[in-house]
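For reference, the structure discussed in these notes is given below.
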Amino acid sequence: MKIKFCGAATGVTGSCHMITSGTHKILLDCGQFQGGKAQEALNYEEFPFDPAEIECVVLSHAHIDHCGRLPLLMKKGFKGKIYCTEATADLLDVMLKDSGYIHEKEAEWQNRKNERAGRPLVEPLYTFNDAVDCLKYIQPVLYDQLIDINDDMKIVFNDAGHILGSAITELWTDEGGKVTKLVFSGDLGATGRPILRDPTIIKKADYVIMETTYGNRLHPENSGDIEKLIEIIVKTAKRGGIVVIPSFAVGRTQELIYQLNRFYEENNKYRDELERLNVYVDSPMATTATEVFRRNADVFDEETKAYILKGDNPLDFKNLKFTRTTEESQALNFDRQPKIIISASGMCEAGRIRHHLKHNLWDPRSSVIFVGYQAEGTLGRNLLNGLKDVTLFGETIHVNAEIYNLEGFSGHADKDGLMEWLKGFQVTPKQLFLVHGELESKEAFAASVKQETGYDATIVREVSEYELESGECLSRSEALADAMDEETIEDIRRKVADVHEEMEKILYNTRLLVGQEVSPEQLANINNVVRSLEKDAMQLSTAVIEPNDNSFDLKVTPKV
């Protein structure tokens, strides 16, 4: 049996792993890359396998970084079943349609710019209709249900406690009478979180693929404490500010609603202040996802079920308002009265949250509260790192608002939670692969694993394939990885992207293509950036850095 890591190999997005056994090829997840421009560009690269040869996809959960390229997989020739839990199937109907709509709108916006500039038009990654077609291949199954996915492979989904419907996958493969068990953690949730059950402990596995999002960090003490969140809200409201909470539409938003419900419905010291504050969920997808949560109460934890049996709806309270239309969303920023706005996307890379940041980051009375993981290169991470000026919709906004990070609300287990789950295996797995984490997170967790369990974990650093029985690495498709460390490679990639962006800006904004000259200052600007790139690239003896497939070809000789 072989495994090829095709995504979530160098970061926390794009989860996709191909399992090959005999004539069978299946995928664990098929996610979209998210983050900065360099990450987004990866979505347009060809899959490192033939989609038509994939028999089925076993999907861990409905977050876009795990499911977001399923419609593209279908467009490229995949015609098999997509196995997932019933709750995940319900969420996919929301997530994939929304993703297809966004890709269409982004392509329309880009093409309006391209037409004015005389540049070629672009195609969306996939469309709304592609997403609808993809849903036909969904095969929902129950937790703990043994499913034959082909003659030689069986799977069982176990609750991962990450989001509604999230699953840890057990995969049994029969190769000539020898049965091998592989466990894929998917994304593991933190224990003791509201609404969802704790992650299932798996006792036996020959091979384990494990996420490491928080492999080098503990959630700060009390960072998931709802009372701390309420204190920030009340303090902000008292000075006349607005609280903006970037939140993932599926998972974090529903947990926030659940937690806020307690303080709005019960007598407490903040009751008077809270009664004057409305909570707005400004995300059509989050609104629909919340309805999906309500329909899947059978997978809630016992505490949440007890609330429901008492007649309380844990996902609703009198001050909670859902906005769907663009006009309703815009009205939130025209009205400067104190309020709470929960909006997607959680990393501030798209969606309505960017409008709310534009209207509130400049205001020292307001607060922005992050409640989930912020990937490298995202606006959310930059704000947490102290960035003081951001550009939103072509306008520079100076950051005066207070910025908070309550990452204890994250749906991911922290280092201790990951270790607790791993220690549940009663027999040492033959091999442990660490994925879905930034390099420093994977390295730190591997060191902790060695110290506490004695396991020698394999750190997945790039797109690569392994023979499981021998442990041999069969291929590594990232040529740069042999010559340089991942951090340096990523730095060079960013510089490449900067070069193309700067060239595009100068060439097209100055109308060079219709014969106008480049000023000495502009030419010097290009040369400085290129020299910086060349200096770093000189460290590579044989590797060649090529632009992304969706970058333009520079075929104009400037007149100096």
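The table below lists the values:
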quantity: Considering residues of the range 1-18 that are surrounded by fewer than 24 Cβ atoms within 10 Å (Cβ to Cβ) and more than 20 Å from the chain's Cα centre (by Cα) only, the residue nearest to His103 (Cα to Cα); calculated: Lys4
quantity: Of the criteria (1) in contact (Cβ under 8 Å) with a residue 24 or more places away in the chain; (2) crowded, with 19+ Cβ neighbours inside 10 Å; (3) under 17 Å from the mean Cα position of the chain (by Cα), which one Lys37 fails; calculated: (2)
quantity: Residue check for Gly161: closer than 21 Å to Phe248 by Cβ, surrounded by fewer than 16 Cβ atoms within 10 Å (Cβ to Cβ) and at pLDDT below 95; calculated: no
quantity: Where a residue in the range 350-366 is at pLDDT 95 or above and its partner, wherever it lies, is among the basic types (Lys, Arg) and surrounded by fewer than 16 Cβ atoms within 10 Å (Cβ to Cβ), with Cβ under 8 Å and at least six apart; calculated: Arg365/Arg239
quantity: Per-region count, the range 40-77, residues more than 22 Å from Phe184 (Cα to Cα), at pLDDT 95 or above and among the aromatic types (Phe, Trp, Tyr); calculated: 0
quantity: Segments classed as helices (runs of 4 or more DSSP H), wholly inside the range 208-310, with at least 3 members that are acidic (Asp, Glu); calculated: 271-275
quantity: Some residue of the range 441-448 being buried (at least 16 other Cβ atoms within 10 Å of the Cβ), charged (D, E, K, R) and part of a loop (DSSP other than H, G, I, E, B); calculated: no
quantity: Selection status of Pro140, part of a strand (DSSP E or B), modelled with pLDDT of 95 or more and out of contact with any Pro (no Cβ under 6 Å at 6 or more places or on another chain); calculated: yes
quantity: Subset of the range 190-236 that is buried (at least 18 other Cβ atoms within 10 Å of the Cβ) and of a type in the set (Gly, Ala, Ser) - its residue that is nearest to Glu402 (Cα to Cα); calculated: Ser223
quantity: Residue in the range 137-148 that is of a type in the set (S, T, N, Q) and within 29 Å of Pro71 (Cβ to Cβ) present; calculated: yes
quantity: Residue in the range 52-62 that is free of Cβ contacts under 8 Å to residues at least 40 places away in the same chain, surrounded by fewer than 21 Cβ atoms within 10 Å (Cβ to Cβ), part of a helix (DSSP H, G or I) and over 15 Å from the mean Cα position of the chain (by Cα) present; calculated: yes
quantity: Of all residues in the range 2-33 being without any contact (Cβ under 8 Å) to a residue 60 or more places away in the chain and touching a helix residue (DSSP H, G or I) at 6+ places or on another chain (Cβ under 6 Å), the one that is nearest to Ile82 (Cα to Cα); calculated: Cys30
quantity: Tally of residues being surrounded by fewer than 22 Cβ atoms within 10 Å (Cβ to Cβ), in contact (Cβ under 8 Å) with a residue 24 or more places away in the chain, assigned to a loop (DSSP other than H, G, I, E, B) and not aromatic (Phe, Trp, Tyr) across the range 379-401; calculated: 2
quantity: Test for Ser247: is it of a type in the set (S, T, N, Q), within 30 Å of Phe334 (Cα to Cα) and modelled with pLDDT under 90; calculated: yes
quantity: Single residue of the range 319-356 satisfying the filter (closer than 23 Å to His63 by Cβ and of a type in the set (A, V, I, L, M)) that is surrounded by the fewest Cβ atoms within 10 Å (Cβ to Cβ); calculated: Ala350
quantity: Condition check for Ser329: assigned to a loop (DSSP other than H, G, I, E, B) and among the polar types (S, T, N, Q); calculated: no
quantity: Which numbered condition Tyr280 fails, given (1) among the aromatic types (Phe, Trp, Tyr); (2) at pLDDT 90 or above; (3) out of contact with any Leu (no Cβ under 9 Å at 6 or more places or on another chain); calculated: (3)
quantity: Thr173 being closer than 20 Å to Phe78 by Cβ and polar (S, T, N, Q); calculated: no
quantity: Contacts under 8 angstrom Cβ, first residue in the range 308-337 being over 20 Å from Leu277 (Cα atoms), partner in a strand (DSSP E or B), 6 or more apart; calculated: Ile308/Phe300
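The values are calculated or read from the model by the stated rules, or taken from the named source; none is laboratory data. Predicted model, so just to flag it, every value in this text is computed and none were measured. Glycine also receives a Cβ, built like all others from the backbone with ideal geometry; neighbour counts cover every protein chain displayed.
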